[in-house]
Every structure is written in structure tokens, then in C-alpha cells.
Amino acid sequence: MSSHVFFSQTPVMKVAHVFIRMPVGGAEDLVGDILRTMPEGADMRVVCLQNLGKVGEALQQQFPGRVNLLPWVPGKRFRIGAVLKLSRWLRDEGIQLVHTHVYNAHVYGLLAARRAGIPAVLHHHKTYAEMRWRRKIILRALSHRAAGHITLSAQTRDDLCRVFGIPREKVRVFVNPVDEETFHPAADREQLRRSLDLSAGTLLVGTVASLTPPKNHLLNVSMTAKLNELGFTGRFLAFGEGGERSRIAEAASQQKLPNFDLMGARRPIAPWMQALDVFTLGSTWEGQPMVLLQALAAELPIVASNIEGNAAVLGPDHPALFDVNDAEAYANTVWRVLNDESFRAAILAHQKRRRADLPMLRDYTKELVAFYQTIVGLPRH
């Protein structure tokens, strides 16, 4: 059955977002936001091919029947059978467009969509400078078969077109939005902290980032040690999970840091962020970090490493960017935010100007549906 005939028989467009799993992460949070605000005219499903992950489990409870676990990819080896099963599922469910977000999902989702005779959109949340060469070769071959591509910025779009030779007209830039109904300043921070069993009078510096090498948590450990030397008596809270937990915990223990706390992947994360005095992100690499957008919406003063992804969100002239290899500069900047009211005010004023340029979530989802409609050939509403 051709996709044209298929679409004309279905008045509401059905879209499947394909993941391998949904751990805590920016792409996963974005899809959750889209689920919550998808306008009329689109029926969105989420598919996980290995396990749901923490975000997937939460979304399945919130949206029963719309988040599906199809455990056809048990390990890291490529499974052609999973492609065939996913293709049948797409046809049986009447899916009209596939939207994928990470490399492995790109492979399975695109191949299954092509077999099912429906278009696929690849959403690129990262640049490709650090991608392994084998993945680059595979993704280059597959990307030309996608009906469309989404990138987070014009720079990422240019990178995609350069690396994979994709025509610019097939690539649409969608700057990540923030759900301001969820991420906003705390109405009563003292009461919020009490509800989270946090001391109302303790200074709290923290980050939200998976416990993986690119998030650079060992730098957070070193920074906390230097911050303590400056007289810091508060706590550093690291929210996230990952394979480096034991290594990070050991480093904090060796530095004798009782105030460095690995908090795990708390959900929902918004109230924990609202409780912070300073938000930090010391990553060595980022695409367009959702947590910075969320921290902007929560009106938290941000201290971040001066890398491409962070500077793209905050602006290269943000007052509290630091060299990613300099723990002392990191600590000094945090200390200054905590103790220099004029510096803190300058940061917040800068961030307020940046936040004004961010897209609203509901506008984002409407534009996304319009993009879908151009892909599948449906009339725009």
C-alpha cells in the first residue's frame, strides 16, 4: 500500500517516536513534553525496542497505551528481525510517520519505516565531530533515505549537511523549547525545600547530568574541593545516573567531600532544580543541553563550561562561562555567584534576555506538526 493512499484514509496523523530505551536525557524529556502538548490533528506514540528506561516508565504511567515496550533488541548486536517486527507493528498500528532521536533508533526506525512504506524523520541532537567513523559511514548511507531531518541549530544543520552531504532543504532547525508550566521559579523556596527534606538555610549548588564521561563529573568533584577551600559550607548535588557512579563516588571520598552528594535520577526533576541556589554544567561536550534551557526558565544563575553547546544556549558573552579544564576558575566563579550580589544580578539579567528568545513549547509542537504534514503530504490546519 502506498503511503499516499494510506494517509488519505486516516484523518488524524499517527506518528511513532522510536527509541531503543528512554533513560534520563534531553531527547527523552523533549518527547515527554511533546506528548503532553501535542495539538489536535496528531496522534503520537512512543516505542522502546529494548527497555523503557526511567523516563519511559514514567511516561507509560502518565500516558497508558501511548508508550509501548517492544523488546526486540535484547543486546548491542544488530537484529534484522527487530526491523521486520517493527515494520509490521507500524503497519498494524496505522503509523504514518516515524521520528527517531538517537543513532541506534535512527538505524532501526528508518529501515523499518522504509519497509513499511512510510517516511521517517531523523532528529539530530548532537554534532558529528566525535562520532565513531563506522557510525558515520552507516548514518551517511541511511540519512539520504530519510524524508527529513531536524537539527537543534543552524550550526548543527550546517555540520550535518557537510558531513553527510544532505541537501539543506531537507533539514529543518527546531530550537529546543522549555515547558514553562513545569520549569519556573519556585513560588516558596523554603517550603519547597522542606517538602524535599532539604535544609532551608543551606546553600545548594547542583547539576543535572548523566554519570558519564562527557558530563565531566570528576571536574565537579575537584571544583567542590576547591570551593570548600574558599569557605563553602553548603552542598553540591549531582542528579543523574550512569556507568561512572562508582568512580565519581570514589573520587569524592578520596577528596574527603561529605558535602558532595550523588542524588540519583530524581523524577520529576523540576522541584529539585527550583531548590538550587546555583546551577552548574561542566560538560566537555553538549549538543543543545535541555537542562540549561530548564535552568533559564527556572531563573537560576548558571555557571557553565565554555564549550560550543553551552555557549550556543547561554551566549558567548555569558558572565559565568569557565574553561572546561580549569577547576579553580570553576570554583571561583561559583563562589562569586554565591557571594557577589552584583555579579549574580548581571548573570540573571543576561539570562533573562536569552530566555526571551526561546520558543514556547506549545508553539514548538504546532510547528512540529506542520513540518510532519509537509512530509506526509497532508493539508496544514
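The values are calculated or read from the model by the stated rules, or taken from the named source; none is laboratory data. All values reported here derive from a predicted model rather than from experimental measurement. Note: ideal-geometry Cβ built from the backbone for every residue, glycine included; neighbour counts use all protein chains shown. Note: accessible area is taken over every heavy atom of the protein model, side chains too, but ligands, DNA and RNA are not part of it. Shrake-Rupley method; radii C 1.70, N 1.55, O 1.52, S 1.80 Å.
Within segment 24-51, how many residues turn out to be farther than 20 Å from residue 361 by Cα and open to solvent by less than 20 Å² (accessible area, probe 1.4 Å)?
Of the residues in that region, 3 qualify.
Consider only pairs whose beta carbons are under 6 Å apart and that are at least six residues apart or on different chains; among these, list those whose first residue lies in segment 204-224 and is over 22 Å from residue 55 (Cα atoms) and whose second residue is part of a helix (DSSP H, G or I) and among the small types (Gly, Ala, Ser).
218/251; 219/327; 221/251; 221/252; 222/327; 223/327; 223/331
In segment 232-261, what count of residues is obtained for those that are over 12 Å from residue 204 (Cβ atoms), of a type outside the set (Lys, Arg) and open to solvent by 40 Å² or more (accessible area, probe 1.4 Å)?
Result for segment 232-261: 9.
What's the number of the condition residue 154 fails, among (1) without any contact (Cβ under 8 Å) to a residue 24 or more places away in the chain; (2) open to solvent by less than 20 Å² (accessible area, probe 1.4 Å); (3) aliphatic (A, V, I, L, M)?
All conditions are met except number (2).
Say we look at segment 175-202 and pick out the residues that are surrounded by fewer than 16 Cβ atoms within 10 Å (Cβ to Cβ) and among the aliphatic types (A, V, I, L, M); which of these is farthest from residue 365 (Cα to Cα)?
200
Please note which strands (runs of 3 or more DSSP E) are completely contained in segment 120-214 and include at least 2 residues that are within 16 Å of the chain's Cα centre (by Cα) and not hydroxyl-bearing (Ser, Thr, Tyr).
Of the strands (runs of 3 or more DSSP E) lying wholly inside segment 120-214, those with at least 2 residues that are within 16 Å of the chain's Cα centre (by Cα) and not hydroxyl-bearing (Ser, Thr, Tyr) span 120-124.
Give all pairs with beta carbons closer than 6 Å in which a residue from segment 172-194 that is charged (D, E, K, R) meets a residue that is open to solvent by less than 70 Å² (accessible area, probe 1.4 Å) and not in a loop (DSSP other than H, G, I, E, B); count only pairs at least 6 apart in sequence or on separate chains.
From residues that are charged (D, E, K, R), the pairs are 172/150; 172/371; 179/33; 179/361; 180/297.
For residue 233, indicate whether it is assigned to a loop (DSSP other than H, G, I, E, B) and either farther than 30 Å from residue 361 by Cα or aromatic (Phe, Trp, Tyr) (or both).
Spelling it out, residue 233 is indeed assigned to a loop (DSSP other than H, G, I, E, B) and either farther than 30 Å from residue 361 by Cα or aromatic (Phe, Trp, Tyr) (or both).
Taking into account only those residues within segment 237-289 that are farther than 30 Å from residue 180 by Cβ, touching a residue at least 24 places away in the same chain (Cβ under 8 Å) and not in a loop (DSSP other than H, G, I, E, B), which is nearest to the chain's Cα centre (by Cα)?
Of everything passing the filter in segment 237-289, 245 is nearest to the chain's Cα centre (by Cα).
Taking the conditions exactly as written (of a type in the set (Gly, Ala, Ser), in a helix (DSSP H, G or I) and open to solvent by less than 20 Å² (accessible area, probe 1.4 Å)), does residue 312 satisfy them or not?
Criteria not met by residue 312.
Across segment 72-99, what is the number of residues that are touching a strand residue (DSSP E or B) at 6+ places or on another chain (Cβ under 8 Å) and either open to solvent by 60 Å² or more (accessible area, probe 1.4 Å) or under 24 Å from residue 54 (Cβ atoms) (or both)?
5
Which one is farthest from residue 230 (Cα to Cα) among residues in segment 334-381 that are open to solvent by less than 30 Å² (accessible area, probe 1.4 Å) and of a type in the set (S, T, N, Q)?
Among those residues, the one meeting the criterion is 373.
Does residue 352 meet the test of being touching an Asp or Glu at 6+ places or on another chain (Cβ under 9 Å), assigned to a helix (DSSP H, G or I) and of a type outside the set (Val, Ile, Thr)?
So residue 352 fits the description; yes.
Among the residues of segment 99-151, write down those that are in contact (Cβ under 8 Å) with a residue 12 or more places away in the chain, under 29 Å from residue 313 (Cβ atoms) and charged (D, E, K, R).
Of everything in segment 99-151, those that are in contact (Cβ under 8 Å) with a residue 12 or more places away in the chain, under 29 Å from residue 313 (Cβ atoms) and charged (D, E, K, R) turn out to be 126, 130, 135, 136, 140.
Out of 304, 331, report the one residue that is touching a residue at least 60 places away in the same chain (Cβ under 8 Å), of a type in the set (Gly, Ala, Ser) and buried (at least 20 other Cβ atoms within 10 Å of the Cβ).
331
With the structure loaded, tell me whether residue 58 is small (Gly, Ala, Ser), over 15 Å from the mean Cα position of the chain (by Cα) and closer than 24 Å to residue 377 by Cβ or whether it fails that test.
It is false that residue 58 is small (Gly, Ala, Ser), over 15 Å from the mean Cα position of the chain (by Cα) and closer than 24 Å to residue 377 by Cβ.
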